[in-house]
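The structure under discussion appears below in the form of structure tokens.
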Amino acid sequence: MKKAGNSFKVPEGYFDSFTDKLINNLQEEATNIPKNEGFKIPEGYFDTLNKEIKQKLKVKEPKVIALKSYKKYYYAAASIVAIITVVIGLNINKTPELSFDDLADIDIENYFENNESSLSSYDIAEFIPVNELEVYDVIDNYLNDDNVMDYLENNIDDFDELNINSNE
């Protein structure tokens, strides 16, 4: 293989006088450049240029179509979902508070029958609101024939104490 060489050749001593030739050429061309420009712009030309161009172009104004922003609807929906989530979260683990009114009368009776209480009947009577109690509430709820007969059978040993004649 042959070594690829440089096919361009420069005459000997070319670069020795190159700088001098370049400076001479630049000085000659500098004399050829005109001192004044050959063009003049009329006064006030650039003041009215934009208006003249717009008149020549006759550009129609484009129709502006307003895009509806749905951001406010997204924010409203997100806030409603957040409120519902908070309300459900607060109520889901909440157990209803029980009150005395939620207990059935039978449950209360069974408790006193099965558990020995240190409370006397007078102590219990202090807790019952007598001013709200009506006579008809007691008669309607507790005094029926079966309850009276059960009480008499269980609690009264001797009918003579009641001064009742069975023949009458």
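Answer yes or no: is there a residue in segment 68-90 that is assigned to a helix (DSSP H, G or I), modelled with pLDDT under 75 and loosely packed, with under 10 Cβ neighbours inside 10 Å.
No: zero hits.
Please state which one of Glu109, Glu134 is of a type in the set (Asp, Glu) and surrounded by 10 or more Cβ atoms within 10 Å (Cβ to Cβ). Lay out the reasoning, then the answer.
Numbers: Glu134 fails: surrounded by 10 or more Cβ atoms within 10 Å (Cβ to Cβ).
Within the list Glu109, Glu134, the selection yields Glu109.
Considering only residues that are surrounded by 10 or more Cβ atoms within 10 Å (Cβ to Cβ) and at pLDDT 75 or above, which ones fall in segment 112-125?
If the condition is that a residue be surrounded by 10 or more Cβ atoms within 10 Å (Cβ to Cβ) and at pLDDT 75 or above, then Asp123 is the only one that fits.
Would you confirm, using the coordinates I've provided, whether Ile41 is among the hydrophobic types (A, V, I, L, M, F, W, C), within 30 Å of Phe127 (Cβ to Cβ) and out of contact with any Leu (no Cβ under 7 Å at 6 or more places or on another chain)?
Numbers: among the hydrophobic types (A, V, I, L, M, F, W, C): yes; within 30 Å of Phe127 (Cβ to Cβ): no; out of contact with any Leu (no Cβ under 7 Å at 6 or more places or on another chain): yes.
Against the criterion (among the hydrophobic types (A, V, I, L, M, F, W, C), within 30 Å of Phe127 (Cβ to Cβ) and out of contact with any Leu (no Cβ under 7 Å at 6 or more places or on another chain)), Ile41 does not qualify.
The values are calculated or read from the model by the stated rules, or taken from the named source; none is laboratory data. Fair warning: this is a prediction, and the values are worked out from it, not measured in the lab. A quick note on method: Cβ atoms are made from the backbone with ideal geometry, for glycine too, and the neighbour counts reach across all protein chains shown.
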